[in-house]
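Asks: Submitted below is the structure of interest, expressed as structure tokens.
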Amino acid sequence: MTQRVLILGATGRFGRNAALQFRAAGWDVRCFDRSSDVLMQAARGIDVIVNAWNPAYPDWAAQVPGLHDMVIKAALAHDATVIVPGNVYVYGADTPVPWGPDAPHQAQNPLGRIRIAMEDAYRSAGVRTIILRAGDYLDTQASGNWFDKVLTKSLAKGVFTYPGRSDIPHAWAYLPDVARAAVDLAEMRARLPRFNDIAFAGYTLSGQDMAKALDRITPQQVRLKPMAWLPLHLTRPFWRMAGCLLEMRYLWNTPHWLDGSRFDRLLPGFQPTSLHTALASAIGQPSVEIQIDPDQTVAACSDGI
């Protein structure tokens, strides 16, 4: 019997990749259209809900609780499992590494507290939940994340811009791999506890490590350059996003990596994409083979946005 997945936020980074990977695995993929669909109705007959809704940072306080409350109610009503792409925002600068299921959620900043409350809401409601936690994403196309908007914005000129200490470890993850892992976990959901916090270790790289890796796959020599934060301070009074970006700056100056030991126990045969291939894909190198044909996006999301 074909399994059904409902993707919320199918045009975003995680949602787009999840739609491709679930489709490739033979699932019936439904993509929610917020302009016309009603979630309680759309979730009827659905086995898994991928909640990839992600409002802009300045809107988190106003929108995140309500959006996730709707998902919780729909999942409980239809006994669906919810997969939430987790991040490292729940951990504070003083949280001992590695960060994973056993690490305390010590973030004190507003965005971090919102994420902590959101995850707690799923746990306390008793929803079948899989939090698949990863670091910063490497995508297969420019999608407005740190990697393409800041780090590699001037890579064609040989400049790799880093927003923090370049000598400390930082957690990264290749989005197709994370989405593929989401499919694997969805297919074993009946054997999992009701609430799951699973860390996807991905790649642990310093800024210097990533600069060297990019230097090996680009035609020009790559030079590491620190990002200037002063413009964000100057625009903070009239650009709300600037304050949010400054709030999360600590992650670029806090050494961290993810503990993937539980992930490895659950999916011992999972084969991650090599760093070389992931980085080449993320910067648009044409020679890299992508596991999923991007043209499948239309087929995967034919029922929605």
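The values are calculated or read from the model by the stated rules, or taken from the named source; none is laboratory data. If you're wondering where the values come from, they're calculated on a predicted model, not measured in any experiment. When we count neighbours, we look across all protein chains shown, and the Cβ atoms used for this are built from the backbone with ideal geometry, even at glycine.
Asks: Being within 19 Å of TRP99 (Cβ to Cβ), of a type in the set (Asp, Glu) and in contact with a strand residue (DSSP E or B) (Cβ under 9 Å, 6 or more places away or on another chain) narrows it down to one residue among ASP197, ASP139; which is it?
Replies: On the way: ASP139 fails: within 19 Å of TRP99 (Cβ to Cβ).
Of the residues listed, the single one that is within 19 Å of TRP99 (Cβ to Cβ), of a type in the set (Asp, Glu) and in contact with a strand residue (DSSP E or B) (Cβ under 9 Å, 6 or more places away or on another chain) is ASP197.
Asks: Pull up the stretch 1-52, narrow it to residues that are part of a loop (DSSP other than H, G, I, E, B) and closer than 18 Å to ARG128 by Cα, then point me to the one that is nearest to the chain's Cα centre (by Cα).
Replies: First, pick out the residues of the stretch 1-52 that are part of a loop (DSSP other than H, G, I, E, B): 1-3, 9-12, 25-27, 32-38, 43-47, 52.
Now narrow it down to the ones that are closer than 18 Å to ARG128 by Cα: 3, 43-47, 52.
Details: GLN3: 23, ALA43: 22, ARG44: 26, GLY45: 26, ILE46: 22, ASP47: 21, ALA52: 9 Å.
Per the stated criteria, the residue is ALA52.
Asks: How many residues does the stretch 246-265 hold that are hydroxyl-bearing (Ser, Thr, Tyr) and surrounded by fewer than 18 Cβ atoms within 10 Å (Cβ to Cβ)? Before the answer, list the steps.
Replies: Kept after step one, since they are hydroxyl-bearing (Ser, Thr, Tyr), are these residues of the stretch 246-265: 250, 254, 261.
Of the ones still in play, those that are also surrounded by fewer than 18 Cβ atoms within 10 Å (Cβ to Cβ) are 250, 261.
Result for the stretch 246-265: 2.
Asks: Quickly run through the stretch 71-95 and pick out the residues that are among the hydrophobic types (A, V, I, L, M, F, W, C) and either over 21 Å from ALA19 (Cα atoms) or under 20 Å from the mean Cα position of the chain (by Cα) (or both). Talk me through it step by step, then tell me what you get.
Replies: As a first pass, look at the stretch 71-95 and keep what is among the hydrophobic types (A, V, I, L, M, F, W, C): 71-72, 74-77, 80, 82-84, 88, 90, 93.
Hits for the stretch 71-95 are VAL71, ILE72, LEU76, ALA77, VAL82, ILE83, VAL84, VAL88, VAL90, ALA93.
Asks: Is there a residue in the stretch 65-80 that is modelled with pLDDT of 95 or more, buried (at least 16 other Cβ atoms within 10 Å of the Cβ) and either of a type in the set (S, T, N, Q) or not in a helix (DSSP H, G or I) (or both)?
Replies: Checked the stretch 65-80: at least one residue is modelled with pLDDT of 95 or more, buried (at least 16 other Cβ atoms within 10 Å of the Cβ) and either of a type in the set (S, T, N, Q) or not in a helix (DSSP H, G or I) (or both).
Asks: Another question about this same structure. Tally up the residues in the stretch 119-129 that are out of contact with any Ser or Thr (no Cβ under 8 Å at 6 or more places or on another chain), farther than 14 Å from ILE83 by Cβ and in a helix (DSSP H, G or I), please.
Replies: 4
Asks: Only residues in the stretch 143-158 that are modelled with pLDDT under 95 count as the first member; pair them with residues that are among the hydroxyl-bearing types (Ser, Thr, Tyr), Cβ under 7 angstrom, at least 6 apart or cross-chain, and list the lot.
Replies: ASN145/TYR137
Asks: Additional query: With TRP53, TRP27 as the choices, which residue is at pLDDT 95 or above, within 30 Å of TRP239 (Cα to Cα) and buried (at least 19 other Cβ atoms within 10 Å of the Cβ)?
Replies: Details: TRP27 fails: within 30 Å of TRP239 (Cα to Cα).
Just one listed residue meets the conditions, TRP53.
Asks: Still on this model: So, ARG128, is that one under 21 Å from ARG262 (Cβ atoms) and at pLDDT 95 or above or not? Break it down stepwise before answering.
Replies: Values: under 21 Å from ARG262 (Cβ atoms): yes; at pLDDT 95 or above: yes.
So ARG128 passes the test.
Asks: Also, quick follow-up: Somewhere in the stretch 34-44, is a residue touching a residue at least 60 places away in the same chain (Cβ under 8 Å) and surrounded by fewer than 18 Cβ atoms within 10 Å (Cβ to Cβ)?
Replies: Yes, the conditions are met somewhere in the stretch 34-44.
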